[in-house]
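This report concerns only the one structure given below.
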Amino acid sequence: MGSRWLLLLLFTLTTSALLAQSPPQSQSPPPAAPGEPSVQSLLDRIQQLENRINQLEERDRQREAAQASIAAPPSPAETPAAPAAAIPAPTPGPAAMHGEDHVSMGEIRDTERRFPSLQIRGFGDVDFSATDQKGSISGFNLGQLVLHLASPLSEKVSYFGEVSFTAQPNAYDLSVERTIIRYDYNDYFKLSFGKYHTPIGYWNATFHHGAWLQTTIARPEMVQFGGTFIPVHFVGLQAEGNIPSGGLGLGYNVGVGNGRSSFLSKAGDSGDSNDNRAWVANVYARPSRFYGLQVGASVYRDKLTPQPGQNFGEWITAADLVWAKEKPEFLAEYANVHHRDEATANTWDSQAFYVQLAYRLPWWQSKWKPYYRFEYIHKPEDDPTLLNVLDLSGSTLGVRYDITNYAAFKGEYRNTRHGVDQPRVNGAFFQTSFTF
Amino acid sequence: MTAHWKFASRVFALSCLCLALLSPLAAQRHDVDIAVVVHPDTPVSNLSLSDVRKVFLGDRQYWSTNVPVVLLIRAPVARERDVVLKIIYQMSESQFKQYWIAKIFRAEAATAPKVVYSNDIANQLITAIPGAIAFVDSKDVRPGTKVLRVDGRLPGEPGYPLR
C-alpha cells in the first residue's frame, strides 16, 4: 500500500513539474466556456490597458515638460524625454546605438523625417608588416583614417561622401574618395552625380576604404587603391536600380564619366584628359532562391591619353561570383584589360583574378574567421600603359578575430612573387581595424 | 506484486497522457506567429518570404514611386527581432549591425531600420508612418494596421513561415 502512495506522489510531482515548465500565464487559466473570454485573453487585455495608461501618463509628462519649456527654452544639450518606465525598454548599449535609429515614445507623434539629417561614421586601422624582401623595413604604419558622411536631403534625394587621410612621410594626404548626390525615382531608377568607386566587378564597389568592412587586411592587387590595373574611381553620372526579373533579382549600374586622368591611377576629378567620355555598365543577379549568391558582369570603355598625342583605347571586361555569407564566404573575380594604340593599332591584353574563401567558425562566440586568397595578374611586358603593374602570383593565409562588433584584429601570412623570374617574398602582416 | 505492477503501469500511462496533453500548452508560448504589419495604405497585401527578405535587406526601398519603405525593427532581446534575424536576415546580431553599416557605407541606403522598444510603439508608428513595415507578435497586432500574408498565409495558418 505504501508503494502505491509512493507512486501517486511520484505522479503528482511529475505533473507539477510539467506545469511548472510552462510560463506562469499558462498555469492558471482554466478553459473558457464557449462564448466567454478566456482568462488569458483577459490578462492580455489588462496588459494592454496598463500599457495604455503608461502611454497616457507619458504624454501628460511630456505636455507638462513642453509647457515648462515654453517658459524656459531648452539648451541644445538637453535630451528628449525617456520612454515610459513601465514599458520594457532595453537600455541601448554602445552596440545598439550603431547603425540603427532609435524611436522613443516622444517621437511617435513627431514622425515627420527631418532633412538634412547628417550621419558621420569613421573607419581606421593600424598595421604592422615584416617581409623577407631585400631592403624592406618592418614596422608599424597608420592605415587610412576614413570619414563617411550620409545625409538624406529629402525623401528621394540623398548625399553620400567619403574622405580619407593617408599618412605620408611628411604630411597627411587628404583625398575625396567619393562624393555622390543621388535622386531615387523608384527602385528601378536612381540617378546620381559625383565621384564613385567604379562599378567594375564586386570588390571595388562593395568594400571601399574602411578596412574593417573587408575580411582581409588588404584589397586584392587588381583593385588596389593607387593601382592602375582597373580605374578604381570614376567621376560622372550613374544610373542604377533593380531590373524587374522576379526571383532572379537582377540589378544594374550604368555610368558615363571622365574616365582616367593622365595619371592613370587617378580619376579626372578636375576635368577629363581628352574629349572622350568613358562609360561603364554592370549587371548582376541575386537569385532569391539562393540568398547570398551574387553573379555579375561588367564592361568599361575609355580612351586613355597618358601624354599629349598618345591615345589608347581601353576595354575592360569583368565577371564575379560571390557567396556573400560567412559560412562560408566566397569571392571570385576576373578582369581582362584590353588596350589598343590608336596610332599603331597594336593591342595588349592583361588578365587578373582572385579567389577568396573564408569561414566564420561557430565556436568561441563566432569571433574567428580564417581565410585564404589566391590572386594572379598577368600583363604583357611591352604594354606601354600599365607601367606600374607587375605580374603577380600570390597566396594569403590569415585569420580575422572580431574583438567587438566594431573592431577586428587580423593576422596574415603572404607568399607572393611580383614580376617574372623574381624570388618569392614571404611576409607577416597584422592589422587592427575599426569603425566608430 | 502483480497488483503493484498494474497500478504502476496505469500511473505511467496516465503520466504519458498528461505529458501529451500538457506539452503543446507549454510550447504554445514559444510558437506564436510573428505578423508582418504595414501601414493600412501600403499597396501590397501578400509578399513571398523572399520579397519580405528583399524589403528588410534594403534591396527594395519603395512600395510605389511615392511611398518609400520605412523599416521598423524591435530592439535586441525581443523575440520578434530574434525571428527576423534568424529567418529573414539569417544573421547573428553582430552580422546584422555590420550589414547595415556596410549598406549605408556603400551608399545603397540612407538610413538603417528604426529601432522600436515595444510592439505598442511599433503599432503606433505603423499607423502613423506611410510605408512603415514591422514584425509584431500576432497577439499584439492592433486595429489600424494591415497584416500581410507571407507566401499566401496569415499568422496562425498552417505553414506560416515566421514563428
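A short reminder: the numbers here are calculations on the coordinates, not readings from a lab. In this text the structure is predicted, and so the values were computed from the model without any measurement. We place every Cβ from the backbone using ideal geometry, glycine too, and count neighbours over all the protein chains shown.
Restriction of the trypsin sites (Lys or Arg not before Pro) in segment A:335-436 to DSSP coil positions whose beta-carbon has at most 16 other beta-carbons within 10 angstrom yields A:367, A:424.
So, R0 is 51 Å and r is the distance between the beta-carbons of residue A:113 and residue A:315; what FRET efficiency does that work out to, to 0.05? Calculated value: 0.70. Listed by chain and number, the lysines whose alpha-carbon sits under 21 Å from that of residue B:146, ignoring those within fewer than 8 places in the same chain, are B:54, B:114. Under 5 Å from the amide H of residue B:60 lie the amide H atoms of B:55, each residue being 5 or more positions distant or on a separate chain, with H modelled from the backbone and absent for Pro and chain starts.
For segment A:314-319, putting each phi into the Karplus relation 6.51 cos²θ - 1.76 cosθ + 1.60 with θ = phi - 60° gives couplings of 10, 10, 10, 10, 8, 9 Hz, in residue order, rounded to whole numbers and with x for Gly and Pro. Each Cα pair under 8 Å and six or more residues apart adds its sequence gap; the mean of these over the residue count of segment A:176-435 is a relative contact order of 13 percent.
Mean partner shielding of peptide B:85-92, defined as the number of other chain Cβ atoms within 10 Å of each residue Cβ, is 2. Once the C-beta distance of residue A:346 and residue A:133 is scaled by a Förster radius of 45 Å, the resulting FRET efficiency is 0.85 to the nearest 0.05. Per-residue mean of foreign Cβ neighbours for B:116-123 is 6 (Cβ atoms of other chains, 10 Å radius).
If you sort the three axes of the alpha carbon gyration tensor as a ≥ b ≥ c, you get a/c of 1.5 or more for segment A:176-435 and a/b no higher than b/c, which makes it oblate. Between residue A:388 and residue A:120, the simple spin-label model (points 7 angstrom out along Cα→Cβ) gives 3.0 nm. Packing around the peptides A:384-390, A:272-278, A:167-173, B:152-158, taken as the average count of other Cβ atoms within 10 Å per residue, puts them in this order, highest first: A:272-278, A:384-390, B:152-158, A:167-173. At an R0 of 22 angstrom, the distance between the Cβ atoms of residue A:275 and residue A:239 translates into a FRET efficiency of 0.45.
For segment A:103-247, the relative contact order comes to 17 percent (Cα pairs under 8 Å, sequence separation of at least 6). Does anything in segment A:160-186 have its amide N under 19 Å from the 7 Å Cα→Cβ label point of residue A:149, and if so which residues? Within reach of a label on residue A:149: A:160-166, A:173-183. Note on B:149-162: average number of Cβ atoms from other chains within 10 Å of each residue's Cβ is 0. Placing a pseudo-label 7 Å from each Cα along the Cα-to-Cβ vector at residue A:363 and residue B:10 gives an inter-label distance of 5.4 nm.
Between residue A:378 and residue A:174, residue separation times 0.36 nm minus the direct Cα-Cα distance comes to 70.3 nm.
Along segment A:364-369 the Karplus relation, 6.51 cos²θ - 1.76 cosθ + 1.60 evaluated at θ = phi - 60°, assigns HN-Hα couplings of 6, 6, 6, 8, 9, 9 Hz to successive residues, with x for each Gly and Pro. Once C-alpha pairs closer than 8 Å and six or more residues apart are averaged by separation and normalised to the residue number of segment B:32-150, the relative contact order reads 51 percent. With a ≥ b ≥ c the root eigenvalues of the C-alpha gyration tensor of segment B:32-150, is it rounded (a/c under 1.5), prolate (a/b larger than b/c) or oblate? Cα axes put segment B:32-150 in the oblate bin. Residue by residue, segment A:275-284 carries 3J(HN,Hα) couplings of 8, 9, 8, 8, 9, 9, 9, 9, 10, 9 Hz when phi is fed to the Karplus relation 6.51 cos²θ - 1.76 cosθ + 1.60 (θ = phi - 60°); x denotes Gly or Pro.
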